[in-house]
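Take a look at the structure below.
The values are calculated or read from the model by the stated rules, or taken from the named source; none is laboratory data. Quick caveat: nothing in here was measured; it's all calculated off a predicted structure. For neighbour counting, all protein chains shown are included, and Cβ atoms are generated from backbone atoms with ideal geometry for every residue, glycine included. Just the protein is used for accessible areas: all its heavy atoms, side chains included, with ligands, DNA and RNA removed. Shrake-Rupley method; radii C 1.70, N 1.55, O 1.52, S 1.80 Å.
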Amino acid sequence: MINQTENLKKAKELLESGGYTVAICRCEELYTSTERGVKPLAELVKDNRNMSGFSAADKVVGRAAAFLYVLLRVSEVYGSTMSKGAEILLCSHGIKSSYGCLAEKIINRAGTGICPMENAVRDVPDDCPEKALAEILRTIKELSAEKNR
């Protein structure tokens, strides 16, 4: 059986070489996505996926993504960029974390302010992942509506 460190190594290799934004691995089981943001993680949570024992590698891990990884029950998370808040949140839930770059906060794609997903969960306590999920889904819906106007 492949241990978690090998799973994380595999996930990181997929992230770095496959053009993916997220890769989640456990032995031969793989989940990858090229979608940006937290939407692919939110979809997995909505589908009631239990990813216990999986290791995840992600381009950007802020608190919003960290809450989703908590709900997915992954064992460890690597973020090419990870916010300090995400690192603290993952640790408080017993999820190992590592990163390429540790950031104070996650900035929006335009580089003009805080990421809307980070803003959505800024006041959610670390022990309330379900509340965070509700805020994340509400924000995804709002952003999608704005985009389609």
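Got a number for residues in segment 113-131 being under 11 Å from residue 63 (Cβ atoms) and in a helix (DSSP H, G or I)? Qualifying residue count for the region: 6.
Of 142, 130, 118, all but one fail to be open to solvent by 10 Å² or more (accessible area, probe 1.4 Å), free of Cβ contacts under 8 Å to residues at least 40 places away in the same chain, farther than 21 Å from residue 10 by Cα and of a type in the set (D, E, K, R); the exception is 142. The condition of being small (Gly, Ala, Ser) and outside any helix (DSSP H, G or I) holds for only one of 66, 145, 134, 110, that being 110. Among the residues of segment 9-34, which ones are open to solvent by less than 90 Å² (accessible area, probe 1.4 Å), modelled with pLDDT under 95 and either of a type in the set (Gly, Ala, Ser) or within 21 Å of residue 121 (Cα to Cα) (or both)? Matches in segment 9-34: 18, 19.
One residue stands out in segment 44-57 among those that are open to solvent by less than 70 Å² (accessible area, probe 1.4 Å) and out of contact with any Leu (no Cβ under 7 Å at 6 or more places or on another chain): the one that is farthest from residue 8 (Cα to Cα), namely 52. Scanning segment 22-59 for residues that are touching a helix residue (DSSP H, G or I) at 6+ places or on another chain (Cβ under 9 Å), in a strand (DSSP E or B) and either closer than 17 Å to residue 132 by Cβ or in contact (Cβ under 8 Å) with a residue 24 or more places away in the chain (or both) yields 22, 23, 24, 25, 26, 55, 56, 57, 58, 59.
If you filter segment 86-115 down to residues that are more than 26 Å from residue 8 (Cβ to Cβ) and of a type in the set (Val, Ile, Thr), you find that the one that is most open to solvent (accessible area, probe 1.4 Å) is 112.
The C-beta contact set for segment 76-87 (first residue at pLDDT 95 or above, second residue hydroxyl-bearing (Ser, Thr, Tyr) and open to solvent by less than 10 Å² (accessible area, probe 1.4 Å), distance under 6 angstrom, 6+ apart or interchain) comprises 76/55; 77/69. Across segment 58-84, what is the total count of residues that are open to solvent by 50 Å² or more (accessible area, probe 1.4 Å) and touching an Asp or Glu at 6+ places or on another chain (Cβ under 7 Å)? Result for segment 58-84: 1.
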